[in-house]
Each structure stands twice: as C-alpha cells, then as structure tokens.
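Q: Sharing a structure below in structure tokens format, with a few things to ask.
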Amino acid sequence: MEEDYRASSYDYDELFVKSLSLFSISQNHLLLLLLLLFIVLLLFLAFLVFFYNFLEIHFLADLLTAFRGDPVSLTYNPSSQLYKSVASKCSILHGRFLPTPWLSSPHLQTAFLSLVAKSPHVTYKRHMFFATDGGTIALDWLMSSDVKGASCTNDATRENDKTPILIVIPGLTSDSGSAYVKHLVDRMAKHGWNVVVSNHRGLGGISITSDCFYNAGWTEDVRKVIDHIHCQYPEAPLYAVGTSIGANILVKYLGEDGVNCLLVGAAAVCSPWDLLICDRYINRRLVQKLYDKVLTVGLQGYAQLHESILSRLTDWDGVKKSRSVRDFDNYATRILGKFETVDAYYRRSSCVNFVGNVSVPLLCISAMDDPVCTREAIPWDECRANENIILAVTQHGGHLAYYEGISADSMWWVRAVDEFFDVLQSSPLSNRRKKVEGPSLSIPPESSIDQGPYVNVSEDGMVTAVGNSQEDFIAEDECNEDVDHIRKDEDAILHEERSDLLTEKTHSKVDLNQPLDQNLNDLDVPVRRRMDQLLRLNRNSIWLLAYIAIVTTWPLVGSALLPFLKKRFKSIIPSALRRR
C-alpha cells in the first residue's frame, strides 16, 4: 500500500511539474500574442496618422474649437466703395465657414462633389449660339418663372424685362449638368433671377462645328455671349459667375474690357489665377499628382468625343499617351491656340495679369486648402490695390465644394455669391453701369444666332421643343439699324464739339462751311503765339531752378553769380508778368 501511495504521489508530482511547464509555455505564447497586437496597433495608429495627414483631415482641430468654424479672411482696398456699400453688409462674408464634419478634408470635399453629391433637379431651356467662326455654344436657360411654377415670360415683353440675369461659366470639363452648377442655378432662380449656363465648345452634348476650341485664356466666346444676351435683354442687369478655369476666363475678360464691360457685377470662385504656378503645384506631391491624372483622363475623354476633328488638328498620338494636364496642353491646347510653348500658353492665359484693370464689382472666393488651385497663386496685393475687388479666402473648402451642414446639402460659396449679388443689386453701384453705358445703347453681337426653337433638356438627356417663334431672337438688321443711329448721333456730336472748339479757342470768325483743315490753318497763328509764350516761360523757370540748385549746393558760387542773375531776372520777371 505504501508503494502504491508513493507511486501515486510521484505521479501527482510529475503531473504538477508538467502542468507548470505547460503553463509557462502558454504564458510565452500570450506575451508573444500581446506583443504582436501592440505592433499591429502601432502600425494602425501610424497608418491613421499618415492617412489623417495625407488627406489633410482637420476634424480634431474642428473638435477642439467646438465646431465653430474659421472666420473668412477679406482682402480689399481701404478706400473701396464696394466694401462700404456692399461687402460690409454681407453677413456670410463676415461670418465663419464650418465644413461638414464627416467631410473635414479638402480631398473628401472635392471627391464628394465629383462622385457622390446630390444636386437639385433642374430642367433647362436650350438656346444654340453660333459664333462667327462657325462654332456652336449651348446656352442652357433656367427662368425664375419656371422654377416658381408660373407661366413663361411673354416673348413680346421680353426686351423690356428688367429681371437680373446671371451668366454661369463652368470649369475645365464641366457643363450645365455638373452638381455645383445646378446648386448655383437652382438657388439663384428660386430667388427671382434668370440664369443661363454658357457651356464651353464641345460640352453640354454639343459637337464641335469649327476648328476653334476653347482654352483657359479664350475670352471671345464669353464676350460674344454677353453681347448677345445684352442685345436680347437691354434693360436687364447682367451678372456673371466663373468657376475654376471659368473663373480665370471671366477675370481675364473683365480685365480686357475694363470700363467697357457690360456686366454689373461678377464672382470668381476657386480661380487658378496663375496657370504656371498651378502647373508646378499639381506635380509637386503624390496627392496632387492624383488630381493631375484625374483631370488628364477627363480631358482625354473630351478629346475622344471630338476625335474626328482633334485627330486632324493636334498630335493625336501624343494626346492619347498624355499622362498629365501639361502633356495634354502640349499636344493639343498649345497647338490649337497657336502658342509657341506650354509655358507661353500658361503665362498669356493667366488672369492674374489682368486683375488690375477690372472695373466692375468682383467677388473672388478661394480656399487655402484647395488641392488644385494653390494658395501660392492668389494675388493678394493686386486685389488689395483694386477698389473694385473683394477677395474672400477661407481656411477650408476644397475645390468648388464648400459643403456645410450635417447632411452636406448646402454649399457655402453658393450662399455667399447669392448674398453678394443681392446686396449689390440693391446698392447704388448697380446704377454705375447704366451711367457709363448711357441710355438705351445696346451693343449688337457680331455672332449670328439660329432661328430655331427653345428646347427642354431633362435629366435623362431627352430633348423636347417648347416654341418656334421667330421673335425669340433679335434680328441682325434691327441691331444694324441701332448701330447706324448711334453712328449718326456720334457724327453729330463730333461736329458740334468741333464747332465749340473753333468758337472758344479763337477770336476770329470761322466759317463752319469750310473744311476743317482750312479752319485749323486759320487757328495756326494764335496757337503758335501762345506756344512761344509758354516756351519763354519754361526757359525762365529753368534759370530759376538752376539758381536754386547752385545756391543750395555751392553757396559761395551762388553768391558770386548773384549779381549776374539779378540783372537777368530783372529783365525776365516783369516781362513774364506783362505776358500773363
């Protein structure tokens, strides 16, 4: 029994030792497992940090500020009447912008705009505009009466319609169907404005009908469209909004036309400003290169739609092999626009060169975190120097996105532009265009407009006719008659000014029936006499300035020359006084 007991106790001891050894092995495994989990956690945290920084997420910063948003930075001329009369009354521009919390990144904002965003349902009426070179431009209209459900404006009274008209110039490959365009169009139409989207050539479902293409610096189409709309609606105030490349085109047009611009006000949203700087920026970092690739694919898709023409006019093999926007511009845009190099195209097309000549109220909106149009290109000083420009810059917003609210159903820049135009329309600055332009002077467009009907363009692409009235367009001969009347009036004014000049500047009798050259010859003698008097006075002034310079520089020399100069001045000053 004792042996059995000892044996059993030995077995227990052995089993206990074995169990302890097994427990130590399991503990090592557990420690190894915990170590692996810790490493995975570190890698996951490192990935989150990288992902957070790569996408430039600012959710934590918004959380620390209790989601109050960042204030809008305004840049303007201190003596700007535009700021005192308009911008100072815009609460949105003086407020804060808080992006949608779950879109706290410029890349998430921009991607959401392009891929996911919902847009209002909009049904356009399409006009076809034919340029003088044979190009076709689709003008998609949304009338305020259509949005409100009222009957369409009577064509017979359309010329006297004073409803403000907003002209929208989309981005690079955008058209009237883009989400942000629909947000803007729908909001402005609901507030009582008539809106028209000027689609670029080859976009909006329209074929290319000439060898002329649009580019970032092509302003001729915008100019002709604005002239045409002004000729159709001479009493309606015209406004314009340009987005991205469309903003560059709009600002360049405003600078080119200066005081002759027909617009009452304008807004440029997310403009690239300097195309050369943006080209360098978009190839700098990995995330920007992704945008470059996406834009290139969009341009190649545009080119594929018009292959029959572009393959003949461009380096088609280079277009198909393009890996960047710069490559596409080199093989297509540069050739079509007849530029020597890509950099020459970028330099000449950048609107930053024309900012100083803008002469109409202009609101510029840009985001510091814009992933396409870098903040490095924003012309802060040029905008500050121009009294007609208000530059509003936000910390966040992405490219043309600016989504706000939990459901991301509102765009901040759309509200800002709406408020700015509303205040501008009711301010005294809205009448400045009429004073410059003069009463009832409409500039006729050089382009011809087709006599076809309006068409409805629905969401699914179906097209239906609305009307076929020839009164939908102003005939060219009517515009030519206006030009003849204007020219006759100008000739009469010129003849009257010449008559006033001859009667005021001479004391002799002038025969207005004689040619102007003969009358000017009669004026030759008194004019020459007056010029001689001015020259003698100038010589006297030069002597006085020389004496002052000598006295202040070399007092001894000046005192030695004083007797000689006194004699000369005694003979000069009385004669000068007598002549006066």
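Q: What does the accessible area per residue of segment 264-397 come to in Å², with a 1.4 Å probe and no ligands, DNA or RNA counted? Write down the numbers at each step before the final one.
A: Values: 5490 Å² over 134 residues.
Result: 41 Å² of accessible area for each residue.
Q: Ignoring ligands and nucleic acids, what accessible area does residue 406 show with a 1.4 Å probe (Å², nearest 10)?
A: Rounded to the nearest 10, that gives 130 Å².
Q: Distance between the C-alpha centers of segment 234-252 and segment 286-342? Whole Å please.
A: Cα centroid of segment 234-252 versus Cα centroid of segment 286-342: 25 Å apart.
Q: With unit charges on the beta carbons (Lys and Arg positive, Asp and Glu negative) and the dipole taken about the Cα centre of segment 204-341, which residue among 333, 214, 204 sits farthest to the positive side?
A: Positive-most Cα among the choices belongs to 333.
Q: With a 1.4 Å probe and all protein chains kept in place, how do 186, 327 rank by accessible area, largest first? Walk me through the numbers before you get to the answer.
A: On the way: 186 20, 327 55 Å².
If we order 186, 327 from most to least accessible, we get 327, 186.
Q: Let me ask something else about it. Would you tell me the accessible area of residue 107, worked out with a 1.4 angstrom probe on the heavy atoms of the protein chains, in Å² to the nearest 10?
A: 10 Å²
Q: Mind putting a number on the dipole of segment 172-260 about its Cα centre? Charges go on the C-beta only, +1 for Lys and Arg and -1 for Asp and Glu, and I need it in Debye to the nearest 20. Write out the running numbers ahead of the final one.
A: On the way: 7 positive and 9 negative charges, 62 e Å.
Magnitude of the dipole: close to 300 debye.
Q: Size of the dipole of segment 312-354 about the Cα centre, Lys and Arg at +1 and Asp and Glu at -1 on the beta carbon, nothing else charged, in debye to 20? Walk me through the numbers before you get to the answer.
A: On the way: 9 positive and 6 negative charges, 16 e Å.
For this selection, approximately 80 debye.
Q: Hey, another quick one. Would you be so kind as to identify which of 358, 297, 318 lies farthest towards the positive end of the dipole of segment 288-393, taking Lys and Arg as +1 and Asp and Glu as -1 on Cβ and the Cα centre as origin?
A: The one lying farthest along the dipole's positive direction is 318.
Q: Same structure, new question: Highest mean first, how do 113-120, 283-290, 234-241 rank when packing is the count of other Cβ atoms within 10 Å averaged over residues?
A: Working: 113-120: 15.2, 283-290: 12.5, 234-241: 22.6.
Ranking, from highest mean packing down: 234-241, 113-120, 283-290.
Q: Let me ask something else about it. Just check segment 360-423 against the gyration tensor rule for me: Cα atoms, a ≥ b ≥ c as the square roots of the eigenvalues, rounded for a/c under 1.5, and otherwise prolate or oblate depending on whether a/b exceeds b/c. Present the calculation step by step, with values, prior to reporting the outcome.
A: Details: a/c = 3.30, a/b = 1.29, b/c = 2.56.
Taking the square roots of the gyration eigenvalues as a ≥ b ≥ c, segment 360-423 is oblate.
Q: Let me ask another. Determine, for each peptide in 350-359, 293-302, 202-211, the mean count of other beta carbons within 10 angstrom over its residues, then list the peptides with the highest first. The partial results should precede the final answer.
A: Numbers: 350-359: 21.7, 293-302: 16.0, 202-211: 17.5.
Packing order, densest peptide first, comes out as 350-359, 202-211, 293-302.
Q: Of the accessible area of segment 286-416, with the probe set at 1.4 angstrom, what percent is carbon plus sulfur?
A: Details: 2760 of 5370 Å².
Carbon and sulfur together cover 51 percent of it.
The values are calculated or read from the model by the stated rules, or taken from the named source; none is laboratory data. Every value quoted in this text rests on a predicted model; they were computed, and no experiment measured them. Positions of Cβ are generated from backbone atoms using ideal geometry, with glycine treated the same way; all protein chains shown enter the neighbour counts. Side chains are part of the model used for accessible areas, which takes the heavy atoms of the whole protein and leaves out ligands, DNA and RNA. Shrake-Rupley method; radii C 1.70, N 1.55, O 1.52, S 1.80 Å.
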